[in-house]
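As structure tokens, the structure follows; a few thoughts come after it.
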Amino acid sequence: MIEVSQAIRLGLVGIGKIARDQHLPALAGEPRFALAAAASRNAKVDGVPGYHDVEAMIAGGEGLEAVSLCTPPEGRYAQAAAAIEAGLHVMLEKPPAATVSEIAALEAKARAAGVTLFATWHSREAAAVEPARQWLAGKRIDAVRIVWREDIRRWHPGQEWILAAGGFGVFDPAINALSIATRILPEPLILENAWMDVPEGRGAPLAAGLTMRSGEASVTADLDFLQTGDQTWDIEIDTDAGMLRLGLGGSVITLPGEAPQKAPDREYSRLYARFAELIAAGESDVDMRPLQIVADAFLVGDRRTTAPFEF
Ligand code: NAP
């Protein structure tokens, strides 16, 4: 008799902007997962059993097999550790943890428990990222320019946590650019120096600049959280075969002499498909490189205090 495969019973944690904008729609279209519970201190998902926190959700008798964490990075370690210790597979929003040592410890815990840990980088699933990686392979890369400028008030309305210590500030979006760069550049990305502007009374920067190297190529990143009007999420790469341009966060690719090509956004459905595949294969996927670059920027970066900021 053929065994009918069951959907993986998943609990979603931290019902805020990204859970509602992306995770709930992606889960609705993914038959390999069944949304069995939600945990959020203040929010609920209609028609789904709700709990105050991840520990109460695990104890709630919902038969969970996996959790997906959409909370801010600070505090996620304890939530992920509780889930791993309960034998659940865990998917993490980016950035995967508040510190490098936290994500390293989670990776070791998941390995010891025999569960899947998936540290997601949604921008790597943007349509043009894999074509860019393939086009760059074997070419000489001379220079890389990352420009990541967005409006904190538009994408993170009222999110006080993002400008607190441990909230990453402008590195919350910029780590997406670093996740793309570390995926598509053939040589390791190494931070050389950095500066950052931290508003008075806040713990995380609103603007930053990074100087890096990848092999022989210079790599710069111009990061800003106060850009109104058109938003910029671009990476330009000079090679011996001309310039490749990735636009709109990795969703548009322009190759030398060609028109821009854009494909539909399927980032979060690809993440949940990958999570299901990792669980089925008994594997984890934890790439800390983007987080390490951010940590290095906080280690060596010059900090300037700038005018106070209010949302
Ligand atoms: P958010 O709107 O603030 O949602 C996070 C939710 O987590 C909150 O609504 C809150 O719900 C819960 N939470 C638990 N502990 C919390 C704490 N100590 N402080 C604040 N909230 C806490 O944030 P978000 O934009 O969804 O971002 C969450 C994660 O997704 C971040 O790591 C971010 O980088 C990532 N992400 C965000 C976007 C975006 O466009 N905003 C895009 C991609 C990825 P309760 O109050 O109900 O507990």
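Any chance the range 126-146 includes a residue that's under 18 Å from Ile253 (Cβ atoms), touching a Phe, Trp or Tyr at 6+ places or on another chain (Cβ under 7 Å) and either assigned by TED's automatic domain parsing to the domain that holds Asp224 or modelled with pLDDT of 95 or more (or both)?
Looking for residues that are under 18 Å from Ile253 (Cβ atoms), touching a Phe, Trp or Tyr at 6+ places or on another chain (Cβ under 7 Å) and either assigned by TED's automatic domain parsing to the domain that holds Asp224 or modelled with pLDDT of 95 or more (or both), one finds none in the range 126-146, hence no.
Scan (1) over 17 Å from Ala126 (Cβ atoms); (2) among the polar types (S, T, N, Q); (3) assigned to a helix (DSSP H, G or I) for the single condition Thr211 breaks and write down its number.
Tallying (1) over 17 Å from Ala126 (Cβ atoms); (2) among the polar types (S, T, N, Q); (3) assigned to a helix (DSSP H, G or I), Thr211 fails exactly one: (3).
Name the residues in the range 133-190 that are on the phi > 0 side of the Ramachandran plot, buried (at least 21 other Cβ atoms within 10 Å of the Cβ) and not aromatic (Phe, Trp, Tyr), would you? It would help to see each step written out before you state the result.
First, the residues of the range 133-190 that are on the phi > 0 side of the Ramachandran plot: 138, 158, 166, 168-169.
Add one more test, that the residue is buried (at least 21 other Cβ atoms within 10 Å of the Cβ), and what stays is 168-169.
Result: Gly169, single match.
Based on what the data block shows, is Tyr268 surrounded by 15 or more Cβ atoms within 10 Å (Cβ to Cβ), in contact with a Leu (Cβ under 8 Å, 6 or more places away or on another chain) and either part of a strand (DSSP E or B) or in contact (Cβ under 8 Å) with a residue 12 or more places away in the chain (or both)?
Details: surrounded by 15 or more Cβ atoms within 10 Å (Cβ to Cβ): yes; in contact with a Leu (Cβ under 8 Å, 6 or more places away or on another chain): no; either part of a strand (DSSP E or B) or in contact (Cβ under 8 Å) with a residue 12 or more places away in the chain (or both): yes.
Judged against the criteria, Tyr268 is not a match.
When only residues in the range 6-25 that are among the aliphatic types (A, V, I, L, M) and within 16 Å of the chain's Cα centre (by Cα) count, which is nearest to Ala39 (Cα to Cα)?
Pass one, the range 6-25, residues among the aliphatic types (A, V, I, L, M): 7-8, 10, 12-13, 15, 18-19, 24.
Filter once more, keeping what is within 16 Å of the chain's Cα centre (by Cα): 13, 18-19.
Values: Val13: 5, Ile18: 14, Ala19: 11 Å.
Out of the qualifying residues, it is Val13.
Exactly one condition in (1) more than 16 Å from the ligand (Cβ to nearest atom); (2) surrounded by 15 or more Cβ atoms within 10 Å (Cβ to Cβ); (3) more than 21 Å from Ala98 (Cα to Cα); (4) within 22 Å of the chain's Cα centre (by Cα) is false for Gln231; which is it?
Only one criterion in (1) more than 16 Å from the ligand (Cβ to nearest atom); (2) surrounded by 15 or more Cβ atoms within 10 Å (Cβ to Cβ); (3) more than 21 Å from Ala98 (Cα to Cα); (4) within 22 Å of the chain's Cα centre (by Cα) is unmet by Gln231, namely (1).
The values are calculated or read from the model by the stated rules, or taken from the named source; none is laboratory data. Everything quoted here is computed from the prediction, not taken from an experiment. Cβ: placed from backbone, ideal geometry, glycine included. Neighbour counts: every protein chain shown.
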